[in-house]
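Values in this text are rule-based calculations from the coordinates and carry no lab data. As the structure is a computational prediction, the values presented were derived from the model and not from experiment. Cβ placement follows ideal geometry from the backbone for every residue including glycine, while neighbour counts extend to all protein chains displayed.
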Amino acid sequence: MCRRIAEGTRWTRCGHFQRHLVVAILDCNTTHCERSVYHPRGCRSTTCAKNFGPEIQRDVDRVDDLCWACRAAQERAARGSVLR
């Protein structure tokens with residue numbers, strides 16, 4: 001499977017990655033992947049890979065904190081324990 005190479009922010013406390021942009025596509029060089037330049041035109045096979053494989057994540061910057069989603073979940077959990 002071909003893969004996207006993305007650059008973004010790594011949140012070090014939770015380990016999540018926030019993608020800013022996809023900078024390149026890594027071609028898998030196989031005829032069985034619809035994303036590859038080697039995939040034959042007009043191929044009608046239903047077994048060819050249609051989607052990209054796992055994203056390659058390159059950290060442009062690192063933030064020593066929780067990401068927005070983890071921070072919001074932590075705040076919801078804290079409010080929930082206060083309400084009980």
Could you rank the peptides 60-67, 38-45, 71-78, 6-13 by their average count of other C-beta atoms within 10 Å per residue, with the highest value first? 6-13, 60-67, 71-78, 38-45
Over the Cα atoms of the chain, what is the Rg over Rh ratio if Rh follows Kirkwood? 1.24
Quick one: Karplus J couplings for segment 29-40, per residue in order, coefficients 6.51, -1.76, 1.60, θ = phi - 60°, nearest Hz, x for Gly and Pro? 6, 10, 7, 9, 10, 5, 7, 7, 5, 8, 5, x
Phi to ³J(HN,Hα) by Karplus 6.51 cos²θ - 1.76 cosθ + 1.60 over segment 9-23, Hz, x for Gly, Pro: 9, 9, 8, 6, 6, 10, x, 6, 10, 10, 6, 9, 6, 8, 9
Place +1 on the Cβ of every Lys and Arg and -1 on the Cβ of every Asp and Glu in the chain, take the dipole about the Cα centre, and give the residue among 18, 60, 74 whose Cα lies farthest towards its positive end. 74
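How large is the helix-only mean residue ellipticity at 222 nm for the chain, computed as the sum of -39500 (n - 2.57) over DSSP H runs with n ≥ 4, divided by its residue count, in deg cm²/dmol to the nearest 500?
-6500 deg cm²/dmol
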If r is the Cβ-Cβ distance from residue 30 to residue 9 and R0 is 41 Å, what FRET efficiency results, to the nearest 0.05? 0.80
What residues qualify as long-range amide H neighbours of residue 53, i.e. H under 5 Å apart, gap of 5 or more or another chain, H built at 1.01 Å from N? 2, 3, 4
